[in-house]
Amino acid sequence: MNHESPKKGVQFECQGSGKCCTSRGTHGYVYLTLKDRRRLAKFFNILTARFTREYCKKVGGWFVLDESKGDCRFLKGKRCSVYEGRPIQCRTWPFWPEHMSPRAWRREVAVFCPGVGKGRLYSPEEIARLVKETKDIFR
Ligand code: SF4
């Protein structure tokens, strides 16, 4: 088990705490690619244009979920109410580029996410793939 560096492989399994879905300073936005908006529109059985109009806003040129109260609007209790349709950044948590230094991993992930240290081991290669997938959101 390794809590210290995601670069050496990490055990992780979501424990359903919902903590990664709440606003925490810079982690306040859920960014949405076109693929995410299409997937979520399909989840709600509406057109992508309607989903974008009703659920999104633009920040710095990127689409994000419109969250008037700070936490994700799809978080119900501790559960994601759109789990099957959730965006890429939710699928790749906690393997985000900004978490890859041991310090950031400790401060931004390990201290509050109960999934760290549980479940199966993610290899460095797998983590690198997830980090890249997260980076690609902003291409
Ligand atoms: S879409 Fe679901 S997994 Fe993503 S932040 Fe919202 S509640 Fe959490």
So for Asp136, Asp66, Asp36, fewest C-beta neighbours within 10 Å to most, what's the order? Asp136, Asp66, Asp36
What is the spin-label model distance, in nm, from Ser81 to Trp62 if the labels are put 7 Å beyond Cα along the C-beta direction? 2.5
The chain - Kirkwood radius from inverse mean 1/r over Cα pairs (Å): 15.7
Pairs of lysine residues in segment 6-138 - Cα separation under 19 Å, sequence separation of 8 or more or cross-chain: 19
Of all trypsin sites (Lys or Arg not before Pro) in segment 37-115, the ones in DSSP coil with at most 11 other Cβ atoms within 10 Å are Lys69
Express the relative contact order of segment 6-138 as a whole percentage, based on alpha carbon pairs under 8 Å and six or more residues apart in sequence. 42
Give me the distance in nm between label points sitting 7 Å out from Cα along the Cα-to-Cβ direction at Gln11 and Phe112, one decimal. 2.4
Using Cβ contacts closer than 10 Å as the measure, can you line up Val10, Val64, Val30 from fewest to most? Val64, Val30, Val10
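No lab work stands behind these numbers, since they all come straight from the coordinates. This is a predicted model, so every value here is computed, not measured. All Cβ positions, even for glycine, are placed from backbone atoms using ideal geometry, and neighbour counts span all protein chains on display.
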